[in-house]
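Each remark here refers to the structure printed beneath this line.
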Amino acid sequence: MQIFGATKRATEIESSKVFAKELMQKYNIPCAKSTSFSDYKKAKEYLQKQKPPIVVKADGLAAGKGVIVADSIPQALDALSQIMEAKAFGAAGDRVVVEEHLQGKEMSAFAFTDAHAVIPMVSACDYKPVFDGNQGPNTGGMGSYSPPHFMSPALAKTVKEKIMEPAVRAMHEEGRAYKGVLYGGLMITNNGPKVLEFNARFGDPEAQVTLPLLKTDLVDIMLAVIDNRLGQINVEWSKDACVGVVMASAGYPGSYKTGFVISGLDSLDKDVVVFHAGTKLESGQVLTSGGRVLTVVATGKNLAEAREKVYK
Ligand code: AMP
Ligand code: GLY
């Protein structure tokens, strides 16, 4: 069987924040200064001496809820207690990372890699809060666009040379050769890009706005990654912009009703694609069946044009 993606040992770059931080520190990959703890009392003592804002992260996967950006030390201590004492995320909270708060512009960078060649994808920004203007509770992602408005050839080069390539080389040296798509969640600070986290996959909803810009056949890239010949492939990207807006059920991320008929899917403009997430087909009709129902994606010559098409 041929599989495109990282091995379980390599995906630890996403599934353990302690592992990822140790890797970045050992190989000088720029990231927030941090300390890891497996002892609740020691973590508490350390936090009491810090200045807010400060970030507390559960080591393991916590459905996107394991990172608390605390504006005060009491809030950070409460988060620590939830994670390590109350075990709100189970064993994912056996260890925590406490790290400095970074300021800047957030973006998601991606690269295809066969553990040797590293080929950047176009990057994207995603929006996690449920309401317009980045307001309200966090969700799995309400929309995304590519490329980020602040992206430049110089920034792309720095991200590739200082983050993505060193990370792939580091994983190789650690005996955890990384293949597939590497996702760097980055903060672009005044001192350059720094890693917030790595993920071992395409982003959601970032994939919906990056893959439409890929001109090369994705299957050719995947096969080249599997066969360790990615370096021989010429990967081409469109210069267009792409915007994706998630349509969600009223009430999401809280409780919501489903089963509503979706119409209009057959009268979309050219350049508009709909990706289904929480939908189902029943007696020839498409019905809503989840919180995030679908993503409407449009491409255009620039972000303004793509945005206009997507909202239309
Ligand atoms: P993560 O899962 O590590 O990407 O964290 C989730 C979110 O928390 C990120 O998308 C950021 O918005 C925020 N975040 C994480 N780490 C930091 C940090 N060191 N400084 C500021 N914000 C952060
Ligand atoms: N868009 C964030 C993620 O896929 O984790």
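The values are calculated or read from the model by the stated rules, or taken from the named source; none is laboratory data. On a predicted model such as this, the values are computed, not experimentally measured, just so you know. Only protein heavy atoms, including side chains, enter the accessible area calculation; ligands, DNA and RNA are left aside. Shrake-Rupley method; radii C 1.70, N 1.55, O 1.52, S 1.80 Å.
Do the alpha carbons of any pairs in Lys33/Lys179; Lys162/Lys312; Lys26/Lys157; Lys44/Lys65; Lys17/Lys157 sit beyond 29 Å of each other, and which pairs?
Beyond 29 Å: Lys162/Lys312.
Give me the base-10 log of I(q)/I(0) for segment 79-204 at each q in 0.16, 0.20, 0.21 Å⁻¹, Debye formula, one uniform scatterer per Cα, rounded to two decimals.
For segment 79-204, the Cα-only Debye profile gives -0.94, -1.23, -1.26.
I'd like the distance separating the alpha-carbon centroids of segment 74-136 and segment 242-312, in whole Å.
Centre-to-centre distance over Cα atoms comes out at 26 Å.
Give the Rg/Rh ratio for segment 208-312, taking Rg as the radius of gyration of the Cα atoms and Rh as the Kirkwood radius, to two decimals.
With Rg and the Kirkwood Rh in hand, the quotient comes to 1.08.
Pick from Leu281, Leu182, Leu230 the residue whose mean-square fluctuation is largest in a GNM of the chain, springs joining Cα atoms under 10 Å.
Leu281
Using alpha-carbon pairs under 8 Å, 6+ residues apart, how would you state the relative contact order of the chain in percent?
17 percent
Just to compare against my own numbers: the Cα pair-distance distribution for segment 146-271, 5 Å bins, whole % per bin, please.
2, 7, 12, 18, 19, 15, 10, 8, 6, 3, 0
Once you sort the root eigenvalues of the Cα gyration tensor of segment 49-96 as a ≥ b ≥ c, which label holds: rounded (a/c under 1.5), prolate (a/b larger than b/c) or oblate (the other case)?
Prolate, since a/c reaches 1.5 and a/b exceeds b/c.
Hey, could you get me the Stokes-Einstein D for segment 1-147, Kirkwood radius over alpha-carbon pairs, 25 °C and 0.890 mPa s, rounded to whole µm² s⁻¹?
144 µm²/s
Using every alpha carbon pair in segment 110-165, what percent of pairs falls into each 5 Å bin from 0 up to the bin containing the largest distance?
4, 17, 21, 17, 15, 14, 9, 3, 0
Rolling a 1.4 Å sphere over the protein heavy atoms, what is the accessible area per residue of the chain, to the nearest Å²?
52 Å²
If you roll a 1.4 Å probe over the chain with all protein chains in place, what percent of the accessible area is carbon or sulfur?
Ligands and nucleic acids excluded, carbon and sulfur reach 51 percent.
According to the Cα gyration tensor, what semi-axes, each the square root of 5 times an eigenvalue, does the equivalent ellipsoid of the chain have, listed from largest to smallest in whole Å?
So the three semi-axes of the chain are 32, 26, 19 Å.
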